[in-house]
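Enquirer: Below you'll find the structure I mean.
The values are calculated or read from the model by the stated rules, or taken from the named source; none is laboratory data. The structure displayed is predicted, hence computed values, not measured ones. A quick note on method: Cβ atoms are made from the backbone with ideal geometry, for glycine too, and the neighbour counts reach across all protein chains shown. With ligands, DNA and RNA removed, areas are computed over all heavy atoms of the protein, side chains included. Shrake-Rupley method; radii C 1.70, N 1.55, O 1.52, S 1.80 Å.
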Amino acid sequence: MTESLRQKQERFSLEVSRLVVRLHEMGVAARYREVLRTPQQAKLNAAKGVGISNSLHLDGLAADLYLSAGGKSLPETRAAYAVMGELWKSMGVDHRWGGDFRDRRGRPKPDIYHVSIEHGGRK
């Protein structure tokens, strides 16, 4: 049976909470940066080249997290955030990490803070 958007949103919320707890158990703290985004903000981000207009944030199926350890922010690099990305992807076949994102030409375009669940053909 296919999940409704609401069911997927509820699962996403629960699974992001589990991710934050698992990171905490590893000594990594997570802070929410952005979860829900308005259509207007998505369009502005897309125009600036820092997002897309049909973002999964619009559906409440994406979150951006900042990570820290030992009271200090982790370096804002793909390598530093890879532990979060690999952990997130291991939690479900429809889980996507922004560190793996590519542009339309197939070139890396990472969004290291981003975790999401696929929906409506969007990853």
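Enquirer: Suppose every Lys and Arg Cβ carries +1 and every Asp and Glu Cβ carries -1, with no other charges. What dipole size does the chain come out with about its Cα centre, to the nearest 20 debye?
Expert: Roughly 420 debye, rounded to the nearest 20.
Enquirer: Using 13 Å as the cut-off for backbone N distance, which residues of the stretch 13-33 belong to the label zone defined by a point 7 Å from the Cα of residue 73 along Cα→Cβ?
Expert: 31-33
Enquirer: What's the whole-number percent of alpha carbon pairs in the stretch 51-123 lying beyond 22 angstrom?
Expert: Pairs farther apart than 22 Å: 21 percent.
Enquirer: Can I ask one more? Please work out which option in (1) 14, 42, 31, 11, 3, 0; (2) 13, 46, 34, 8, 0; (3) 13, 44, 27, 12, 3, 0 gives P(r) over Cα pairs in 10 Å bins from 0, in percent calculated from these coordinates, and answer with its label.
Expert: Correct label is (2).
Enquirer: Right, another one. Pop out the carbon and sulfur fraction of the accessible area of the stretch 33-123 as a percent, whole number, probe 1.4 Å.
Expert: Here carbon and sulfur together make up 53 percent of the probe-accessible area.
Enquirer: If you build a Gaussian network model of the chain, linking Cα atoms that sit under 10 Å apart, which residue out of 55, 17, 68 swings the most?
Expert: Most flexible of the set in this elastic network: 17.
Enquirer: Top mean-square fluctuation among 21, 93, 35, Gaussian network model of the chain, C-alpha springs under 10 Å?
Expert: 93
Enquirer: Compute, for residue 31, the solvent-accessible surface of its heavy atoms (probe 1.4 Å) with the complete set of protein chains present, and express it in square angstrom to the nearest 10.
Expert: Rounded to the nearest 10, the figure is 110 Å².
Enquirer: Still on this structure, please answer the following. Accessible area per residue, 1.4 Å probe, Å², for the chain: what's the number?
Expert: Accessible area per residue: 61 Å².
Enquirer: Further question on the same structure: Quick one: order 1, 26, 91 from most to least accessible surface, probe 1.4 Å.
Expert: Largest accessible area first, the residues go 1, 26, 91.
Enquirer: Could you work out the helix-only [θ] at 222 nm for the chain, with each DSSP H run of four or more residues adding -39,500 (n - 2.57) and the total divided by the number of residues, to the nearest 500 deg cm²/dmol?
Expert: -11500 deg cm²/dmol
Enquirer: Only loop residues by DSSP count here, and only those with at most 16 other Cβ atoms within 10 Å; note down the GluC sites (Glu not before Pro) in the stretch 30-117 that meet that.
Expert: Filter output for the stretch 30-117: 76.
Enquirer: Which of 60, 20, 45 sits farthest toward the positive end of the charge dipole of the chain, with +1 on the Cβ of Lys and Arg and -1 on the Cβ of Asp and Glu?
Expert: 45
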